[in-house]
Amino acid sequence: MTASTFPSVTVSGEIKLGQFLKLAGLVEDGVDARIAIQSGDVTVNGEIETRRGHRLAAGDVVVVELPTGAAGAVVTAVP
């Protein structure tokens, strides 16, 4: 899947992976974010990321493998 497949989610300043998953609506809450990340179900730019505190940058593509299929979003920074 490509970045154009997923919606853009605008953030102001830096954001951590766990926070972004919640903001983008890819998980329900922090517990679900932690479980998805630790289980290896989250990729950033195609690489599995297991650190909830991983800092995202503009243009990063975050994808979560859910039981219903893959869901994702692209990080867009406010200028």
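Quick note: the coordinates plus some simple rules give every number you see, no bench work behind them. It should be emphasised that the depicted structure is a prediction, and the values quoted were computed from it without experimental measurement. Virtual Cβ from ideal backbone geometry, glycine too; neighbours counted across all protein chains shown.
Please identify which residues in segment 48-79 have an amide N closer than 17 Å to a label point set 7 Å out from the Cα of S8, following the Cα→Cβ vector. Taking a point 7 Å out along Cα→Cβ of S8, the residues of segment 48-79 whose backbone N falls under 17 Å are 57-62, 72-79. Sites listed here are GluC sites (Glu not before Pro) in segment 24-79 whose DSSP assignment is loop and whose Cβ has at most 11 other Cβ atoms within 10 Å: E28.
Would you work out the charge dipole size for segment 3-77 about its Cα centre, treating the Cβ of every Lys and Arg as +1 and the Cβ of every Asp and Glu as -1, and quote it to the nearest 20 debye?
Dipole about the Cα centre, nearest 20: 200 debye.
Matching the structure-derived Rg/Rh (Cα atoms, Kirkwood Rh) against the labelled list (1) 0.92; (2) 1.27; (3) 1.35 gives the label (1).
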